[in-house]
Amino acid sequence: MVARNSEIQTHVRRLIDQLQELVGDLQPFRDDPAAAIASRLDFLVEFREQRFNQCGIAGSFHPEKRLIVVGLAMSAGRVRFTALHELAHALGHQDAIFQDWIFALEPQGRLAEERVANAFATQVLLPSSMVDAFIPVEGPSAWDVIQLWKKSLASREAVCVGAAQRLCYPGLVALVHGSTIQFAAGHSLLFQVSRDSDQGAGSFFDRATKNLTLRENDVELRLPENQFSGTFMADAYRDDDGYAFVVLQEHGAAWAPATTFVAEPVLYELECPLCDRTRVTPVRVCPKCGDHPCPDHGCSCKLAPWIDPKILHCEQCHIELPKAARPGTRFCDRHD
């Protein structure tokens, strides 16, 4: 089950409300989140050399120690975003409603939790009133995104997340350097673009960082093993440091108001034996095995290898626990 955007926003709003109840004014958490967390909340904060984790965040939360770790050697905006991202994990760890929701979403619970953490950090750094001032109701253009970044204390990545939440069609907002998508925040897509995804020399993204502005239609994303996504309308604007903000949308775009009809994307049905249900994907067939890849498990040649889940049993009555049960689960509903 995939989390709906409305569900994400509901949980983000509740976590932000909880933070406000604890501390009142959120401005210190915008100015210096790490210092505010350490001085006003019951969490420890440490700065360490930290590599990016699977969700593209150079930080971590350790619930057993009530410790938030923030990576060093990053921009000030990136440090703010990372500290707040990990604070969302910390607050969510203590929230029973949030934990029940994550459990019910397995095996997609981890991805949903990361989306909530990103949105939480973004909304603290970028209040709705500020986003409203720069992003029109018809959705963002690349110019809108770069203006929002210039006027805020948020990192480029945080601004991508905030702008992506305002997309009116499936798409994403990406930060590009050279030919590489350094970070991308998606909206209503059936796939993710991983951090530092090289799109190739001569691609739209490569050319976006070589021009001040660039707009094209029928732009594709290069996915693992030379697979390609469906097509997007694309708009890019480069900042003074050589980074380009890129907005991609299906069906229509704020910078193309004359568009009256765009064909629906082709969605391919597939039977994934690991999901045990019918899935759909807009991704074309794998050039190696000829399968349409499952959004979670890949195709027959295992472009996205998965690990067989360990079968868990209730320690009390020994029945088999659901596959979605967390690794540390010891008892079934009747005994927990």
- With a/c under 1.5 counting as rounded, go ahead and sort segment 1-149 into rounded, prolate or oblate using the C-alpha gyration tensor (a ≥ b ≥ c being the square roots of the eigenvalues; past the cut-off, prolate if a/b is larger than b/c, else oblate). rounded
- Message: Under the 0.36 nm per residue contour assumption, what length would be gained going from the current alpha-carbon distance of Ala256 and Ser75 to full extension?
- Response: 61.7 nm
- Only helices counted: for the chain, with every DSSP H run of 4 or more residues adding -39500 (n - 2.57) and the sum spread over all residues, [θ] at 222 nm is -9500 deg cm²/dmol
- With r as the distance between the Cβ atoms of Leu267 and Arg110 and R0 = 22 Å, compute the FRET efficiency 1/(1 + (r/R0)^6) and round to 0.05. 0.35
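Taking the Cα centre of segment 111-191 as origin and charging only Cβ (+1 Lys, Arg; -1 Asp, Glu), how large is the dipole, in debye to the nearest 20?
My answer is approximately 160 debye.
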- Taking the Cβ of Ile181 as the center, what net charge do the other residues with Cβ under 11 Å away carry, scoring Lys and Arg +1 and Asp and Glu -1? -1
- Item | Rh by Kirkwood over Cα pairs, then Stokes-Einstein D for the chain at 1.002 mPa s and 20 °C, µm²/s | 101
- Using a cut-off of 14 Å between beta-carbons, work out the net charge of the residues near Gly202 (Lys and Arg +1, Asp and Glu -1, Gly202 not included). -1
- Task: Using the heavy atoms of the protein chains and a 1.4 angstrom probe, tell me the accessible area per residue for the chain in square angstrom.
- Result: 50
- Task: Can you tell me the dipole magnitude for segment 162-220 around its Cα centre, using point charges on the Cβ only (Lys, Arg +1; Asp, Glu -1), in Debye to the nearest 20?
- Result: 220
- segment 82-148 pair-distance distribution - Cα-Cα, 10 Å bins, rounded %: 19, 38, 27, 15, 0
- Task: Would you calculate the volume per residue, in Å³, of the smallest convex hull containing every Cα atom of segment 131-231?
- Result: 99
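Suppose the chain between Asp32 and Met130 were pulled fully straight at 0.36 nm per residue; how much longer would it get relative to their current alpha carbon spacing?
So the extension gain works out to 33.4 nm.
Once you have the Cα-Cα distance between Arg4 and Thr329, take 0.36 nm times their residue separation minus that, and quote the gain in nm to one decimal. The partial results should precede the final answer.
Values: separation 325, 0.36 × 325 = 117.00 nm, distance 2.60 nm.
Length difference between fully extended and current span is 114.4 nm.
Considering only the other residues whose Cβ falls under 13 Å of the Cβ of Glu216, what net charge follows from Lys and Arg at +1 and Asp and Glu at -1?
Values: positive: Arg207, Arg215; negative: Asp206, Asp218, Glu220, Asp235.
The answer is -2.
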- Task: Just tell me the longest site-free run in the chain, where the sites are GluC sites (Glu not before Pro) in a DSSP loop having at most 10 other beta-carbon atoms within 10 Å.
- Result: 65-336
- Please report, as a whole percent, how much of the solvent-accessible surface of segment 1-145 comes from carbon and sulfur atoms (probe radius 1.4 Å). 54
- Message: Need one number: nm distance between label points at Asp291 and Leu212, each 7 Å from Cα along Cα→Cβ, rounded to one decimal.
- Response: 4.9
- What FRET efficiency, computed as 1/(1 + (r/R0)^6) with R0 = 22 Å and r the Cβ-Cβ distance, is obtained for Glu46 and Asp196, rounded to the nearest 0.05? 0.30
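The values are calculated or read from the model by the stated rules, or taken from the named source; none is laboratory data. Model, not experiment: these values are computed from the prediction. As a convention, Cβ positions derive from the backbone with ideal geometry for all residues, glycine included, and neighbour counts pool all protein chains shown. Side chains are part of the model used for accessible areas, which takes the heavy atoms of the whole protein and leaves out ligands, DNA and RNA. Shrake-Rupley method; radii C 1.70, N 1.55, O 1.52, S 1.80 Å.
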